[in-house]
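First up is the structure itself, then whatever we jot down about it.
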Amino acid sequence: MILVEGFKHEEIAKIVLFRDGAGHRPEELVIDRHVIAVASDVSLNLDVALLDINDVGGLADFVVEWMQNQDG
């Protein structure tokens with residue numbers, strides 16, 4: 001696993017980060033078939049997993065579980 005910033009249009013699995021008050025609206029989120037979750041500090045109505053951006057343990061657990069379910 002490699003953590004990077006950017007690459008929102010690349011065809012790789014990703015977790016999108018969204019913070020309220022950071023200058024963007026939820027409608028601007030790019031949620032494509034490669035987004036496995038969104039980590040946020042606000043409730044969002046999405047078709048992917050919503051993670052608490054402030055819960056580091058929960059984020060880590062999600063990533064570990066996701067990686068264990070991947071082929072190869």
| field | Angle in degrees between helix 56-68 and the longest Cα principal axis of the chain, rounded to the nearest 10 | value | 40 degrees
| request: Could you tell me which label, among (1) 40; (2) 28; (3) 48, carries the value of percent of Cα pairs over 20 Å apart calculated for this structure? | output: (2)
| Under a point-charge model restricted to the Cβ atoms of Lys and Arg (+1) and Asp and Glu (-1), what is the dipole moment magnitude of the chain relative to its Cα centre, in debye to the nearest 20? | 120 debye
| said: For the chain, what does the relative contact order come out to in percent, with C-alpha contacts under 8 Å and a separation of six or more? | reply: 23 percent
| Loop GluC sites (Glu not before Pro), the chain, which have at most 14 other Cβ atoms in a 10 Å radius of their Cβ (DSSP) | Glu5, Glu10, Glu11
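So what is the calculated 222 nm ellipticity per residue for the chain, using -39500 (n - 2.57) for each DSSP H run with n of 4 or more, over all residues, to the nearest 500 deg cm²/dmol? Present the calculation step by step, with values, prior to reporting the outcome.
Details: 1 runs with 13 residues, N = 72.
So the helix-based figure for the chain works out to -5500 deg cm²/dmol.
Since every read-out is calculated from the coordinates, none of them should be taken as a lab result. Here the structure is a predicted model, which means the values were calculated and not measured. Glycine gets a Cβ as well: all are built from the backbone with ideal geometry, and neighbour counts include every protein chain shown.
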